[in-house]
Amino acid sequence: MQDYVKEKFQDASGVLLMDETGFLKQGKISAGVQRQYSGTAGRKAGILDSCEFRTKPETALEMIKNAYENSIPFEWTASDSVYGADKNIQKNLK
């Protein structure tokens, strides 16, 4: 996706937006939506054991770092309070 953005929307005054997109539960294996995981039920929604849990801000910060590494041009970022209040994001964007 970042290669596509870099090719089509290259603009040094660009903005990185941090906001999650909600989606409806589909079938029986949508991760992170109701019905919640229960350790006693032993169900994992089809998620591999090798996948690590990350908070939304941790995921956003990884994507921002990837944008830097891939030379995606942007001048500033915008987000809601989920990301804007995160101290790791604030520290790494200075």
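Summary of computed values
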{"item": "Whichever residue in region 49-94 is among the small types (Gly, Ala, Ser) and part of a helix (DSSP H, G or I) and, among such residues, is modelled with the lowest pLDDT", "result": "Gly84"}
{"item": "Region 73-83 - residue that is touching a residue at least 12 places away in the same chain (Cβ under 8 Å) and under 16 Å from the mean Cα position of the chain (by Cα) and, of those, surrounded by the most Cβ atoms within 10 Å (Cβ to Cβ)", "result": "Tyr83"}
{"item": "Cross-chain or 6+ apart pairs with Cβ under 9 Å, region 6-17 first and within 11 Å of Ala67 (Cβ to Cβ) and touching a residue at least 40 places away in the same chain (Cβ under 8 Å), then assigned to a strand (DSSP E or B) and not hydroxyl-bearing (Ser, Thr, Tyr)", "result": "Gly14/Trp76; Leu16/Trp76; Leu16/Ala78"}
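The values are calculated or read from the model by the stated rules, or taken from the named source; none is laboratory data. As the structure is a prediction and not an experimental result, all values here were calculated from the model. Don't worry about glycine lacking a Cβ; one is built from the backbone with ideal geometry, like all the others, and counts go over all protein chains shown.
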